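Accompanying notes for the structure given below.
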Amino acid sequence: MVARIRVRFAKRGRLRFLSHRDIARAFERALRRARLPVALSAGFSPHPRLSWVGAAPTGAASEAEYVEIAFSAPVIPEQVREALDAALPPGLDVVRCASAEGRPLPDRIDASRWQVRLPGVSKAQLEVAIPALMARDSLTVERVIKDGRREIDVRGAVVWAVCRAENDTCAILDVVVRHTTPAVRPDDVLTALSAVAVLSVPVPPEPTRLEQGRLLEDGTLADPLAPDRDEAARPVSRLEA
């Protein structure tokens, strides 16, 4: 291994329905098509050395997915971005590449900011539900997982939440959630909001992850691709209610 490159990519449109395994396979094929000198694992069946961090759930769009790729020869981040983006299908779009420096990538990501579009839900409904949730010390929801049922404390993971109106019949939920085990997903937050207020979601919600990063004291997220000395630089501001 000679170099490691950290990649931020987006999952857009119909490709939000790809599973994480499908995305991993798409990246492996794209690396071969782009003829990039990716490093391979040892063993009988070598495969590209990719390290994934915090994959979004199937069905959720994202503007901030991350993978770290090991290369066997020196590479230039911008050239990797261009070659990989051209080789991936439209909807898996490489946003930025940076050399791996400083702390490991997983140590730079402990929270996500989500925007959830809610057709059929008014801003007034959300304005009642959000304060009711935030006033709780804890609020658990039940999720069915492969090993059975699991209770998840949603309130403990939610850092802040605000809402705005796209129009009279569609509200937008903007929420920052700490990464926990198991992860609190946007549908878990909606279940919790429905538990504390009369909130009916008649149409499937449309979640999009806007950011991942290290949670700062002001509730914003640091850019995980920034050098260590720049992590405290001003990140993207939260949306106003």
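Read-outs: derived from the displayed coordinates by stated rules, not from any lab. These numbers come from a predicted model, not from an experiment. In this analysis, Cβ positions are derived from the backbone assuming ideal geometry, glycine residues included, and neighbour counts consider all displayed protein chains.
Using Cβ contacts closer than 10 Å as the measure, can you line up 191, 58, 181 from fewest to most? Numbers along the way, then the final one.
Values: 191 18, 58 14, 181 6.
Sorted ascending by nearby Cβ count, the order is 181, 58, 191.
Relative contact order (percent) for the range 81-197, with alpha-carbon contacts under 8 angstrom and 6 or more residues of separation?
Values: 164 pairs, mean separation 34.8, N = 117.
Answer for the range 81-197 is 30 percent.
One chain, two ends: residue 169 and residue 17. Fully extended at 0.36 nm per residue, the span grows by 52.2 nm beyond their Cα-Cα distance. Listed values [x] 1.08; [y] 0.96; [z] 1.03 include one computed from this model; for Cα Rg over 2.2 N^0.38 Å that value carries the label [x].
Selection among 44, 10, 59 by position relative to the dipole of the chain gives 44 as farthest towards the positive end (Cβ unit charges, Cα centre).
Quick one: compute the contact order of the chain, relative version, from alpha carbon pairs under 8 angstrom and 6+ residues apart, as a percent. Kindly include the intermediate steps, with their values, before the conclusion.
Values: 491 pairs, mean separation 55.0, N = 241.
It rounds to 23 percent for the chain.
Exposed loop positions in the chain were taken to be trypsin sites (Lys or Arg not before Pro) whose DSSP state is not H, G, I, E or B and which have at most 14 other beta-carbon atoms within 10 angstrom. Between these positions, the longest stretch is 36-145. In this rough spin-label picture, where each label sits 7 Å from Cα along the Cβ direction, the residue 25-residue 103 distance is 3.6 nm.
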